[in-house]
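A.B. asks: Below is one structure. I have some questions about it.
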Amino acid sequence: MTGQETSCGTVLVVDDDVIVRELLNAVLGMEGYEVLLAESGDEALAVLAREGAAVDVILMDLHIPDIEGAELARRLNAGRAAETLLMGMSGSQLNPVDSELFCTFLQKPFSGENFTDAVKIAREGKVEGAGLAEMEGGEGRPILDEEIYRRLAAMMPVAQLRELYRITVDDVLQRVERMRAARERGDMQEYRAEAHAIKGGCGMVGASELSALATAAEQSAEGGSERDNPSLADFDAACTRLQGMLDARN
């Protein structure tokens, strides 16, 4: 934990997206938290069983592939200590039906300060979500959210920031290939899930153009107009633009 002598507490981050895990590990560490990472529901349950009351906050994504979100939340609630907070996060809004499962909810993208504020609010017994809502890319979309980029650049070394964006681009390209395969076999549920993951991860690191493309793809898969569904080649081009922009800065 860089530059911190006393921990603000231990946070268990549960997200299958490597971008989000890497980012929150760095950002929450800078906020003074000890961070535990789990990429699946089963791993999260195992970590909670092992660590018990040492976990102060569980921050879980609502869309974990191996265990449905509401079911995972119920199982984490059953296994957590009374003082451990269960917080939800997602790139989409929380379903009101599931709101009672969480003490609070953060919509991606959010900052370390948003997280800390949400913890303080939850400790006071209130339920409140927090969220955040330039060169241009395709169709006038901004390639990068400059505010998020500056915040990340201020809190981590250049090499770590460069690696974070490299992981982001690689992850998007892999997910786009899975989207392409899913669409070819007519599996729109997987297509939507991959788009949702791109939306959340890219939103967290400020990759605005990619996040916007993924949002459109997700909405199309949910029954929106196919006309509004971006070409998967658009994702490839957006990755190239983002990488070129970052290379120019480095």
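The rows are residues; the columns are (1) open to solvent by 60 Å² or more (accessible area, probe 1.4 Å); (2) hydroxyl-bearing (Ser, Thr, Tyr); (3) within 14 Å of the chain's Cα centre (by Cα); (4) more than 20 Å from ILE167 (Cα to Cα).
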site	(1), (2), (3), (4)
GLU39	yes, no, yes, no
LEU45	no, no, no, yes
LEU48	no, no, no, yes
VAL57	no, no, no, yes
LEU62	no, no, yes, yes
LEU72	no, no, no, yes
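A.B. asks: Scan ALA78, ALA82 and give me the residue that is in a loop (DSSP other than H, G, I, E, B) and farther than 28 Å from ALA153 by Cβ.
C.D. replies: Numbers: ALA78 fails: in a loop (DSSP other than H, G, I, E, B).
None of the others qualify; the one that does is ALA82.
A.B. asks: Here is a follow-up. Just to verify a result, which residue in segment 2-17, among those that are among the β-branched types (Val, Ile, Thr) and more than 18 Å from GLY69 (Cα to Cα), is modelled with the lowest pLDDT? Spell out how you get there, then give the answer.
C.D. replies: Quick first cut of segment 2-17, residues among the β-branched types (Val, Ile, Thr) only: 2, 6, 10-11, 13-14.
Then keep just the ones that are more than 18 Å from GLY69 (Cα to Cα); that gives 2, 6, 10-11.
Values: THR2: 45, THR6: 61, THR10: 97, VAL11: 98.
Filtering first and then ranking leaves THR2.
A.B. asks: Which ones in segment 36-59 are in contact with a Lys or Arg (Cβ under 8 Å, 6 or more places away or on another chain), closer than 15 Å to ASN77 by Cα and not in a strand (DSSP E or B)?
C.D. replies: So in segment 36-59, the residues in contact with a Lys or Arg (Cβ under 8 Å, 6 or more places away or on another chain) come out as 37, 39, 41, 45, 48, 55, 58.
Going one step further and asking which of them are closer than 15 Å to ASN77 by Cα, we end up with 41, 45, 48, 55, 58.
Listed by number, the residues that qualify are GLY41, LEU45, LEU48, VAL55.
A.B. asks: Which of the residues spanning segment 98-138 are at pLDDT below 85, open to solvent by 70 Å² or more (accessible area, probe 1.4 Å) and farther than 18 Å from VAL55 by Cβ?
C.D. replies: From segment 98-138, those at pLDDT below 85 are 123-138; that's our starting set.
Filter once more, so that each one left must be open to solvent by 70 Å² or more (accessible area, probe 1.4 Å): 123-124, 126-128, 133-136.
Hits for segment 98-138 are GLU124, LYS126, VAL127, GLU128, ALA133, GLU134, MET135, GLU136.
A.B. asks: Another one. Could you tell me how many of the residues in segment 143-193 are assigned to a helix (DSSP H, G or I), within 18 Å of ALA237 (Cβ to Cβ) and open to solvent by less than 80 Å² (accessible area, probe 1.4 Å)?
C.D. replies: Number satisfying all stated conditions: 11.
A.B. asks: Mind counting the residues in segment 220-246 that are modelled with pLDDT of 90 or more and open to solvent by 20 Å² or more (accessible area, probe 1.4 Å)?
C.D. replies: Adding up the residues that qualify gives 8.
The values are calculated or read from the model by the stated rules, or taken from the named source; none is laboratory data. Here the structure is a predicted model, which is why all the values come from computation and not from measurement. Cβ sites come from the backbone with ideal geometry, for glycine too, and all protein chains shown count toward neighbours. The protein model used for the area step is the full one, side chains on, heavy atoms only, and it has no ligands, DNA or RNA in it. Shrake-Rupley method; radii C 1.70, N 1.55, O 1.52, S 1.80 Å.
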